[in-house]
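Visitor: The structure under discussion is supplied below as structure tokens; questions concerning it will follow.
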Amino acid sequence: MRFHSLSVALLTLSLAFVGGTAHAQSEEAQAAIERLAPLVGTSRVTGVRHGPNGATDLAASEAEGRIILGGHILREDTQIEQQPGDLITLQTQFSFDQFRNLYRIAVVDDDFGLMDIYEGRFISDTLLVATNLRSDTHFPLEDGRAMHFQLRWDFSELVVHFDVLLTVDGGANWRPFFELEYAHGGSAE
């Protein structure tokens, strides 16, 4: 009986400690998501797509970002017309792994339906950089090479600059794929 009472007391103390730690960790994850606040709301998205024949202007589109799941996830829905008549819908979810001190970003589209998983960090106060190299959720090319991507969000201005770079050599060389700007209703264009 004494052993049972001692076990219950230790279990209660352990749960109280873990609960307090989990709450602090939850607050850390929520604060990390709040750093992405410039993506919340409706944005006008403009930019260019780089291809073999150079850069092509994209038709203006919209992105809608909102914080969900108790402040732990930023979800963004974006539609981009890659070429006239070729509309792609992207869903992006940002989370923060407080145990590894990094952002994890899941991106899926309605074109291929493949979910890319990116991991990255702020490399300065305003620049978040993530790649899918570690997760190896690459796009397979017909010649057998793997196309990986690097995502870069620059929050240094009212207009958020979002660049997608690609590599076909495991990250040794990166080249531009998309250069986008996210402007909210009152932002300068």
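The values are calculated or read from the model by the stated rules, or taken from the named source; none is laboratory data. Remember, predicted model here, so these are calculated numbers, not experimental data. Cβ sites come from the backbone with ideal geometry, for glycine too, and all protein chains shown count toward neighbours. For accessibility, only protein heavy atoms count, side chains too; no ligands or nucleic acids. Shrake-Rupley method; radii C 1.70, N 1.55, O 1.52, S 1.80 Å.
Visitor: Just give me the residues in segment 81-103 being under 21 Å from Ala63 (Cα atoms), open to solvent by 50 Å² or more (accessible area, probe 1.4 Å) and in contact (Cβ under 8 Å) with a residue 24 or more places away in the chain, in sequence order.
Guide: Within segment 81-103, Gln83, Pro84 meet the criteria.
Visitor: A further question follows. So how many residues does segment 37-70 have that are open to solvent by less than 50 Å² (accessible area, probe 1.4 Å), free of Cβ contacts under 8 Å to residues at least 12 places away in the same chain and of a type outside the set (Gly, Ala, Ser)?
Guide: Counting residues in segment 37-70 that are open to solvent by less than 50 Å² (accessible area, probe 1.4 Å), free of Cβ contacts under 8 Å to residues at least 12 places away in the same chain and of a type outside the set (Gly, Ala, Ser) gives 1.
Visitor: Could you look through segment 146-157, keep only residues that are farther than 18 Å from Ile117 by Cβ and free of Cβ contacts under 8 Å to residues at least 60 places away in the same chain, and pick out the one that is nearest to the chain's Cα centre (by Cα)?
Guide: Taking segment 146-157 first, the residues farther than 18 Å from Ile117 by Cβ are 154-157.
Checking the rest, the ones that are also free of Cβ contacts under 8 Å to residues at least 60 places away in the same chain come to 154, 156-157.
Values: Asp154: 12, Ser156: 17, Glu157: 19 Å.
Only one residue fits best here, namely Asp154.
Visitor: Which of the residues that make up segment 104-121 are in a strand (DSSP E or B) and open to solvent by 40 Å² or more (accessible area, probe 1.4 Å)?
Guide: Arg104, Ile117, Arg121
Visitor: Can you pull out every residue in segment 164-182 that is open to solvent by less than 50 Å² (accessible area, probe 1.4 Å) and under 11 Å from Gln150 (Cα atoms)? Lay out the reasoning, then the answer.
Guide: Filtering segment 164-182 for residues open to solvent by less than 50 Å² (accessible area, probe 1.4 Å) gives 164-168, 171, 177-178, 180, 182.
Within segment 164-182, Val164, Leu165, Leu166, Thr167, Gly171, Phe177, Phe178 meet the criteria.
Visitor: Does Phe122 count as of a type outside the set (Gly, Ala, Ser) and within 15 Å of the chain's Cα centre (by Cα)?
Guide: Against the criterion (of a type outside the set (Gly, Ala, Ser) and within 15 Å of the chain's Cα centre (by Cα)), Phe122 qualifies.
Visitor: Can you pull out the strands (runs of 3 or more DSSP E) entirely within segment 41-84 that have at least 3 residues that are hydrophobic (A, V, I, L, M, F, W, C)? Show your work before the answer.
Guide: Details: elements: 41-51, 54-68, 73-83.
Fully inside segment 41-84 and qualifying: 54-68, 73-83.
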